[in-house]
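Input: a single structure, listed below in structure tokens.
Nothing in this text is a laboratory measurement; each read-out follows from the coordinates by a stated rule. All figures in this text were calculated on a predicted structure; none of them were measured in a lab. Note that each Cβ is placed from the backbone with ideal geometry, even for glycine, and that neighbours are counted across all protein chains shown.
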Amino acid sequence: EIGIHRKDEL
Amino acid sequence: MNIFRLVADLMHLASIFILLLKIQKTRSCAGISFKTQLLYAIVFVTRYLDLFTTWISLYNTIMKIFFIASSIYILYLMKYKFRATYDPILDTFRIEFLLGGSVILALIFNYDFIPMEILWSFSIFLESVAILPQLFMLSRTGEAETITTHYIFALGGYRALYLCNWLWRYIFDGHVEVYAWIAGVIQTALYSDFFYIYYTKVLHGKKFELP
């Protein structure tokens, strides 16, 4: 899903 | 975590240490754009609001706190401690357009129309252009101290490696993050001229001078 992992990056 | 992302984060970290070293060693912030530093402080504060809402890892938390704290500390150094060495005449890029453009883009392109998501998008778009005042300053002076070019290289290289990281995550996790991708490509492209001169001059032991 688009954007679902993004919060784990800086 | 993959090797590209780890090295990218370490380069980002290194860029800040290089900048601090430059300011402390030369006791001067000459050649550094206050406007770019201000934009980075805004980027970090608006992106890392999730420090208060989401726990990811100790690594993630420490890095976020470091980026916020160091960016504000650099603003303090430039505005107070080494104020006399800063030349506002050379730092005349109009950041209102960068801020305004990022706000508009964030209002259009976001994952949810809530303050946290809009601010996250805003920080992604703003980061992609935050180096412009610094590059503009460089083009006005036409040359730079070598340590300043190492700083800009490390800062630009970090996002270029993130592109590799995103490609890796797409291939192995099917992870796609379209706004960060687009912003990351723009951000890296803005550095391309700089990278070329850095490679042909600084890495061959010459002073950074614009042709």
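Using only Cα atoms, find the angle between the long axis of helix B:132-141 and the longest principal axis of chain B, and express it within 0 to 90 degrees, rounded to the nearest 10.
That works out to roughly 10 degrees.
Can you give the charge dipole size of chain B about its Cα centre, rounded to the nearest 20 debye, using +1 on the beta carbon of Lys and Arg and -1 on the beta carbon of Asp and Glu?
So the dipole magnitude of chain B works out to roughly 740 debye.
Answer with one residue from B:141, B:102, B:158: the one whose Cα lies farthest towards the positive end of the charge dipole of chain B, charges on Cβ with Lys, Arg +1 and Asp, Glu -1.
The residue sitting farthest along the positive end of the dipole is B:141.
Straight-line reach from residue A:7: which lysines have a Cα under 26 Å away, not including same-chain ones fewer than 8 places off?
Correct list for residue A:7: B:64.
If you take the square roots of the eigenvalues of the alpha-carbon gyration tensor of region B:82-187 and sort them as a ≥ b ≥ c, do you get rounded (a/c under 1.5), prolate (a/b over b/c) or oblate?
In terms of gyration-tensor shape, oblate.
Normalising by the residue count of region B:41-124, find the relative contact order in percent from Cα pairs under 8 Å and 6+ residues apart.
For region B:41-124, the relative contact order is 41 percent.
Could you give the length gained on full extension between residue B:196 and residue B:62, defined as 0.36 nm per residue of separation minus the Cα-Cα distance, in nm?
44.9 nm
List the lysines whose Cα lies under 20 Å from the Cα of residue B:22, skipping any in the same chain that are fewer than 8 positions away.
B:35, B:79, B:81, B:201, B:206, B:207
How many nm separate the modelled label positions at residue B:113 and residue B:90, each set 7 Å beyond the Cα in the direction of the Cβ?
Reported label-point gap for residue B:113 and residue B:90 is 4.6 nm.
With charges only on Cβ, +1 for K and R and -1 for D and E, what is the dipole size of the protein assembly as shown about its Cα centre, in debye, rounded to 20?
840
Find the relative contact order for chain B and round it to a whole percent, using C-alpha pairs within less than 8 Å whose residues are 6+ positions apart.
31
With a ≥ b ≥ c taken as the square roots of the eigenvalues of the C-alpha gyration tensor of region B:1-128, please select rounded if a/c is under 1.5 and otherwise prolate if a/b is larger than b/c or oblate if it is not?
Since a/c reaches 1.5 but b/c is at least a/b, the shape of region B:1-128 is classed as oblate.
Which trypsin sites (Lys or Arg not before Pro) in region B:7-38 sit in a loop by DSSP (not H, G, I, E or B) and have at most 16 other Cβ atoms within 10 Å of their own Cβ?
Of the trypsin sites (Lys or Arg not before Pro), the ones in loops of region B:7-38 whose Cβ has at most 16 other Cβ atoms within 10 Å are B:27.
Helix B:3-26 versus the longest principal axis of chain B: what is the Cα-based angle in degrees, 0 to 90, to the nearest 10?
Roughly 30 degrees, rounded to the nearest 10.
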